[in-house]
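**Q** Could you have a look at this structure, given as structure tokens, before my questions?
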Amino acid sequence: MCGNARIVRGRSRYHEGVSDNPAGTHTTGTARVKRGLAEMLRGGVIMDVVDPDQARVAEDAGAVAVMALERVPADIRRDGGVARMSDPGMIEEIQAAVTVPVMAKCRIGHFAEAQVLESLGVDYVDESEVLTPADEAHHVDKWAFTVPFVCGATDLGEALRRISEGAAMIRSKGEAGTGDIVQAVRHLRSILGDIRALTVADDAELYRRAKELRAPVDLVREVASRGELPVPLFCAGGIATPADAALVMQLGAQATFVGSGIFKSEDPATRAKAIVEATTHHSDPAIIAKVSRGLRSPMLGLAADEIDTHLAERGW
Amino acid sequence: MSLKVGVLALQGAFREHREMFEALGATVVEVRTPSHLGGTDALVLPGGESTTMRKLLDTAGLLDVLCERIDAGTPVLATCAGLILLASEVSDARDVDGDPRVMSVLDCTVRRNAYGPQPASFEAPLTVVGLPGGTFPGVFIRAPVIERTGRGVEVRSLHDGNPVYVASGPVRATTFHPELADDLRLHEQFLSEVTA
């Protein structure tokens, strides 16, 4: 599949002495290629969008990717019912509207939805707790796919179980659709704190920790020696302001997902651009102050301890 | 005294470049504002999302200073999105994008994301001119294709008939990601050409 059929040209004289590498020697869907796209998104903001217009607003604001879905989490939370994969037609319209990568969500364990998303050529699949889970015991076998997956996690054990199933990016779950950052902070601190503790554990302790984390010991050893997950760790769930983005980036997230926080605010375009700048310049308070001025109202939000449905508890 | 390399760190795979140049003994500074450019001997434009990076370059006030530095002959290694930022022509530009040309210092025409969406991203061994030690592991992620190269542009590696590594004046540019390969040879070659 590699190469571009539209380009028909022989070797020009500028190529003399350069031997060609034919298309047949290439491999798709490797772990390096899957994790590599996540690395390209580092330092960026991935924004939830529900139509091509929002996708263009997000791209104009500097979004590094968009997440195509029918309803933002705040609306899913309000409406109730079963939340499923989005209409393929709507995902295709969004793919046509932007040049940045397009992600889409499937339900936990719903490998048939994931197959549909892969066939549409989405750039990343989010096996997401924001949708209603389709399987109470199994997540998707993500190694079986060429398209990479991102999965949510609340703690290190959950992150490592998802990586062992083939996830190429981990994000905090946070509590989507609330505009309350507290849960994302809890999840990031838990994951990163437990990683720091692993780096000073001895071999006997690593066996014990693997059992406690319900994670493969080889993966636990790898994390202990690297001092970080083998895949990028991003933050999602409850980011509503530039300072929220700066907070989670300084805690150790490598990029941010913003869902309801942008298009449920009073001035989405300006807020989106401000959160992008805050994510890039996360350790420069003067810039965070500058971009935080005059943003009008953020999403109203729901305090995470006032809600009945805790999306973060979905997944196993 | 070690060489000081400025790695553009607005977004993307800047950390990998930093780690590789540090492993080769260079001093690395992450560039997010114009003041970070002071004293740098060479520059790196990393992989990432070119559309996003172009906007961030603008808001950070870095676009003009970077152009001036490269025009003045500062060596630059540009990978994937970085190459797109340097190209003189982007063939898939659409009206809604505005003008996607950014710096126009490398005479070539590129098509963004030319292999298709992420499932088409691939790894392939590459034969590179002047690089000893066998093929180089090419990692192509939503990669662009160089459709045309100008007269002064030297092609150092091809894949499926398309140039994937080019050199022109102080510019070295790849459509793949040497920063994602566990192989320092291309970075080493860049440093040795900077000091030569």
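The values are calculated or read from the model by the stated rules, or taken from the named source; none is laboratory data. What you are looking at is a predicted structure, and each value in this text was computed from that prediction instead of being measured. Positions of Cβ are generated from backbone atoms using ideal geometry, with glycine treated the same way; all protein chains shown enter the neighbour counts. Note: areas computed on protein heavy atoms with side chains; ligands, DNA, RNA excluded. Shrake-Rupley method; radii C 1.70, N 1.55, O 1.52, S 1.80 Å.
**Q** Check the stretch B:90-108 and report whether any residue there is crowded, with 23+ Cβ neighbours inside 10 Å and within 9 Å of chain A (Cβ to nearest Cβ).
**A** no
**Q** Now a separate question. Kindly list, by first and then second residue, each pair from a residue in the stretch B:68-87 that is at positive phi to a residue that is modelled with pLDDT under 95, limited to pairs with Cβ atoms under 9 Å and residues at least 6 apart or on different chains.
**A** Partner pairs satisfying both residue conditions: B:G73/B:G169; B:G73/B:P170; B:C80/B:S50.
**Q** Among the residues of the stretch B:1-9, is there at least one that is at pLDDT 95 or above and within 11 Å of another protein chain (Cβ to nearest Cβ)?
**A** Within the stretch B:1-9, one or more residues are at pLDDT 95 or above and within 11 Å of another protein chain (Cβ to nearest Cβ).
**Q** Looking for something more than 7 Å from every other protein chain (Cβ to nearest Cβ), surrounded by fewer than 22 Cβ atoms within 10 Å (Cβ to Cβ), more than 18 Å from the chain's Cα centre (by Cα) and touching a residue at least 60 places away in the same chain (Cβ under 8 Å) - is there at least one such residue anywhere in the stretch B:182-196?
**A** Checked the stretch B:182-196: at least one residue is more than 7 Å from every other protein chain (Cβ to nearest Cβ), surrounded by fewer than 22 Cβ atoms within 10 Å (Cβ to Cβ), more than 18 Å from the chain's Cα centre (by Cα) and touching a residue at least 60 places away in the same chain (Cβ under 8 Å).
**Q** Next question. Go through the stretch A:160-192 and give me each residue that's assigned to a loop (DSSP other than H, G, I, E, B) and more than 13 Å from the chain's Cα centre (by Cα). Lay out the reasoning, then the answer.
**A** Of all residues in the stretch A:160-192, those assigned to a loop (DSSP other than H, G, I, E, B) come to A:165-168, A:173-181.
Matches in the stretch A:160-192: A:E165, A:G166, A:E175, A:G177, A:T178, A:G179, A:D180, A:I181.
**Q** Now for a different question. Being in contact with a Ser or Thr (Cβ under 6 Å, 6 or more places away or on another chain) and open to solvent by 50 Å² or more (accessible area, probe 1.4 Å), is that true of even one residue in the stretch A:271-287?
**A** No: zero hits.
**Q** Yes or no: the stretch B:75-83 includes at least one residue that is open to solvent by 50 Å² or more (accessible area, probe 1.4 Å), farther than 30 Å from A:M103 by Cβ and either within 8 Å of chain A (Cβ to nearest Cβ) or not small (G, A, S) (or both). So that I can check it myself, show each step before the final result.
**A** If we filter the stretch B:75-83 for residues that are open to solvent by 50 Å² or more (accessible area, probe 1.4 Å), which is where we start, we get none.
Among the residues of the stretch B:75-83, not one is open to solvent by 50 Å² or more (accessible area, probe 1.4 Å), farther than 30 Å from A:M103 by Cβ and either within 8 Å of chain A (Cβ to nearest Cβ) or not small (G, A, S) (or both), which makes the answer no.
**Q** Checking A:E127 against (1) in a loop (DSSP other than H, G, I, E, B); (2) in contact with a Cys (Cβ under 6 Å, 6 or more places away or on another chain); (3) of a type outside the set (G, A, S), only one condition comes out false. Which one?
**A** With (1) in a loop (DSSP other than H, G, I, E, B); (2) in contact with a Cys (Cβ under 6 Å, 6 or more places away or on another chain); (3) of a type outside the set (G, A, S) applied to A:E127, the lone miss is (1).
**Q** Based on this model, can you work out whether A:R107 counts as surrounded by fewer than 24 Cβ atoms within 10 Å (Cβ to Cβ) and among the basic types (K, R)? I'd like the intermediate steps shown before the answer.
**A** Values: surrounded by fewer than 24 Cβ atoms within 10 Å (Cβ to Cβ): no; among the basic types (K, R): yes.
So A:R107 fails the test.
**Q** Going through A:V140, A:V231, A:V130 one at a time, which residue ends up being at pLDDT below 95 and under 26 Å from B:P117 (Cα atoms)?
**A** Numbers: A:V140 fails: at pLDDT below 95; A:V231 fails: at pLDDT below 95.
Sole residue among the options that is at pLDDT below 95 and under 26 Å from B:P117 (Cα atoms): A:V130.
**Q** Would you pick out the residues in the stretch B:137-157 that are among the polar types (S, T, N, Q) and either more than 7 Å from chain A (Cβ to nearest Cβ) or in contact with a helix residue (DSSP H, G or I) (Cβ under 9 Å, 6 or more places away or on another chain) (or both)? Give the derivation first.
**A** Of all residues in the stretch B:137-157, those among the polar types (S, T, N, Q) come to B:149, B:157.
Once the filter is applied, which keeps residues that are among the polar types (S, T, N, Q) and either more than 7 Å from chain A (Cβ to nearest Cβ) or in contact with a helix residue (DSSP H, G or I) (Cβ under 9 Å, 6 or more places away or on another chain) (or both), the stretch B:137-157 yields only B:T149.
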